[in-house]
Each structure stands twice: as structure tokens, then as C-alpha cells.
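**Q** Got a structure for you, questions after.
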Amino acid sequence: MTAGDVAVVTGAGSGLGRSVARALLDSGYRVALAGRRADALHESVDGAGGALAVPTDVTDPAEVEALFDAVRAEWGRVDLLFNNAGTFGPAGTVDEISYQDWRRTVDVNLTGAFLCARHAVRVMREQRPRGGRIINNGSISAHTPRPGSAAYTATKHAITGLTKALSLDGRAFDVACGQIDIGNAATEMTAGIATGAKQADGQVVPEPVFDARHVADAVLYMAGLPLDANVQFLTVTATKMPFIGRG
């Protein structure tokens with residue numbers, strides 16, 4: 001993919017979504033920024049050219065359809081989807097998690113990613129030149145859970161399955177799909193980790209974090225490959241975080 005291509009970034013109003021959207025814009029991509037809060041999206045745009053802010057709740061099928069309709073109306077195609085919108089969900093053992101909190105976590109983290117991928121693939125297979133790329137934001141929790149994170153961990157494991165299925169089904173249409181698994185990038189969502197995170201042995205200890213711009217650099221690398229090459233899975237973590245050997 002090259003500068004001038006069209007990207008859709010979900011969860012673009014803050015954190016990793018904002019960082020990645022800005023990096024794409026700075027690299028010459030035309031970027032549709034999607035998120036629930038219009039004011040936050042406009043802060044992410046910050047006057048950049050080639051940006052389109054589209055307030056979107058990814059759990060709402062009609063709003064996701066409207067997002068991709070708006071992008072096609074503006075630019076005629078979609079070359080990249082960064083499926084990033086997500087929530088940590090409820091904390092607690094599985095018997096302490098309410099159905100409502102479980103369902104909301106699944107709706108945002110998994111169903112939202114499915115809905116966006118569904119529309120992205122539909123556009124990518126029909127456009128000319130055909131094809132495109134989807135990058136799903138997984139997590140190191142797609143591999144190894146934190147204590148008390150059943151809803152989040154289940155959805156992130158499911159994202160790995162979705163990534164694999166999209167990779168397989170997309171081959172016939174020149175649609176590539178990869179996943180980036182991130183551990184402790186410094187964002188608003190992870191601010192508490194730097195002050196203290198619960199470990200498997202019950203201790204609460206601070207964990208190291210790293211600059212979110214390195215995630216944006218990694219996404220740019222994945223996005224910049226030609227469609228005959230794909231980074232299937234990429235893991236980027238704070239070097240000294242307790243992930244390898246967690247438990």
C-alpha cells in the first residue's frame with residue numbers, strides 16, 4: 001500500500017487509534033476516523049488534510065454501514081481497515097461478571113470488529129483495483145490473560161480466530177488480514193497499569209509501558225506491504241513487562 005490510499009481507523013478518538021490515525025495522515029493516507037465522540041475525533045484530526053471524522057458506534061450495524069458508505073462517497077474505495085475500537089470490560093472472576101457487562105464487551109471488541117470487517121471486505125472485493133488490508137488490534141491477552149479479565153480475554157482470543165478466518169476467506173479477493181498484539185503501550189486506557197496492575201499471584205505492582213508511537217510505526221509497516229505479503233501476527237510490548245513467564 002502507498003501514500004494516497006484510503007484508511008479507516010476505528011476507536012480513533014483517543015489512545016492507539018488517535019496515534020495510528022495521525023501517523024497514517026502524516027504518511028499521506030486519506031483517513032476516515034471513526035469513534036463514538038465527535039469532539040474527540042475532531043481533536044484527533046487537528047486540522048489535518050485528507051481526514052474525515054465519522055462519529056460511529058461500532059456495535060450498531062446501521063452506523064457501521066453508514067461509516068463505510070460515507071468513506072466510499074468521499075473517496076470511492078477502502079484500502080486499509082485498522083480494527084481498533086475496544087474496551088477492557090469488567091474486572092472480576094467469571095462469577096462476578098454480569099451478563100450485561102459481558103455482552104457489552106463482546107459487542108464492542110468482537111461484534112464491532114466483525115461488522116467493520118464485513119463492510120470493508122465487501123468494498124475491497126468490489127473495488128478496482130481490487131483488494132485491501134485489514135489489521136486487527138488484538139492484545140497480548142489474545143495469548144495470555146490477566147487475572148479477572150474473562151470477558152476481555154475471551155474477546156481477544158476470538159479476534160485471533162477472526163483474523164485467521166479473514167486471512168483465509170480474503171485470499172480469493174486479494175484481501176490480506178493481520179493482527180497486532182500490544183502489551184502496555186502508554187495510553188489513557190493503560191494509565192492504571194503504570195501505577196499498579198494485579199498479577200497472577202495476587203500482588204499489585206507497577207508495570208513498564210512504552211510510547212504508543214511505536215505501535216503506530218508497526219501498523220505503518222504492516223500497512224505498507226504489498227498485498228502479496230502479509231504480517232500475520234506481530235507482538236510489540238514493553239521490554240520488561242511481565243508477559244513472557246506471566247503466571
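**Q** So which residues in the range 146-190 are touching a Lys or Arg at 6+ places or on another chain (Cβ under 6 Å) and of a type in the set (D, E, K, R), if there are any at all? Full working, then the answer.
**A** Our first condition is that a residue be touching a Lys or Arg at 6+ places or on another chain (Cβ under 6 Å); within the range 146-190, this holds for 147, 173-174, 176.
D174 - this is the single residue of the range 146-190 that is touching a Lys or Arg at 6+ places or on another chain (Cβ under 6 Å) and of a type in the set (D, E, K, R).
**Q** So, one more: Being under 15 Å from the mean Cα position of the chain (by Cα) and among the aliphatic types (A, V, I, L, M) narrows it down to one residue among V6, V31, V54; which is it?
**A** Testing whether each residue is under 15 Å from the mean Cα position of the chain (by Cα) and among the aliphatic types (A, V, I, L, M) leaves just V31.
**Q** Shifting gears a bit: Taking E63 as meeting all but one of (1) closer than 21 Å to L24 by Cβ; (2) not in a loop (DSSP other than H, G, I, E, B), write down the number of the exception.
**A** (1)
**Q** Could you list all residues from the range 204-229 that are surrounded by 18 or more Cβ atoms within 10 Å (Cβ to Cβ) and either over 17 Å from N184 (Cβ atoms) or of a type in the set (F, W, Y) (or both)?
**A** Kept after step one, since they are surrounded by 18 or more Cβ atoms within 10 Å (Cβ to Cβ), are these residues of the range 204-229: 207, 209-210, 212, 215-216, 218-219, 222-223.
Correct list: F210, M222, A223.
**Q** Looking only at the range 123-158, filter to residues that are among the basic types (K, R) and either within 20 Å of V219 (Cα to Cα) or free of Cβ contacts under 8 Å to residues at least 24 places away in the same chain (or both); which one of those is surrounded by the fewest Cβ atoms within 10 Å (Cβ to Cβ)? Talk me through it step by step, then tell me what you get.
**A** First pass over the range 123-158, keeping only residues among the basic types (K, R): 125, 128, 130, 133, 146, 156.
Keeping just the survivors that are either within 20 Å of V219 (Cα to Cα) or free of Cβ contacts under 8 Å to residues at least 24 places away in the same chain (or both) gives 128, 133, 156.
Working: R128: 7, R133: 28, K156: 24.
The extreme case among them is R128.
**Q** How many residues does the range 186-204 hold that are within 19 Å of the chain's Cα centre (by Cα) and not acidic (D, E)? Full working, then the answer.
**A** First pass over the range 186-204, keeping only residues within 19 Å of the chain's Cα centre (by Cα): 186-191.
Narrowing the set further to residues that are not acidic (D, E) leaves 186-187, 189-191.
Going through the range 186-204 one residue at a time, the tally reaches 5.
**Q** Okay, next question. Could you list, in sequence order, all residues of the range 27-44 that are surrounded by fewer than 21 Cβ atoms within 10 Å (Cβ to Cβ) and either part of a helix (DSSP H, G or I) or aromatic (F, W, Y) (or both)?
**A** Matches in the range 27-44: A38, D39, A40, H42, E43.
**Q** Here's another thing I want to ask about it. Say we look at the range 198-215 and pick out the residues that are under 21 Å from H157 (Cα atoms) and not in a loop (DSSP other than H, G, I, E, B); which of these is modelled with the lowest pLDDT?
**A** Kept after step one, since they are under 21 Å from H157 (Cα atoms), are these residues of the range 198-215: 198-200, 215.
If we keep only those that are not in a loop (DSSP other than H, G, I, E, B) as well, we get 198, 215.
Working: K198: 83, V215: 96.
Result: K198.
**Q** Additional query: List, please: which pairs have Cβ atoms under 9 Å, are six or more places apart or on different chains, and start with a residue in the range 12-24 that is over 9 Å from A212 (Cβ atoms) and end with one that is crowded, with 24+ Cβ neighbours inside 10 Å and of a type in the set (K, R)?
**A** Close Cβ pairs satisfying both conditions: A12/R18.
The values are calculated or read from the model by the stated rules, or taken from the named source; none is laboratory data. Worth saying up front: this structure is predicted, and the values here are computed from it rather than measured. Note that we place each Cβ from the backbone using ideal geometry, even for glycine, and neighbour counts take in every protein chain shown.
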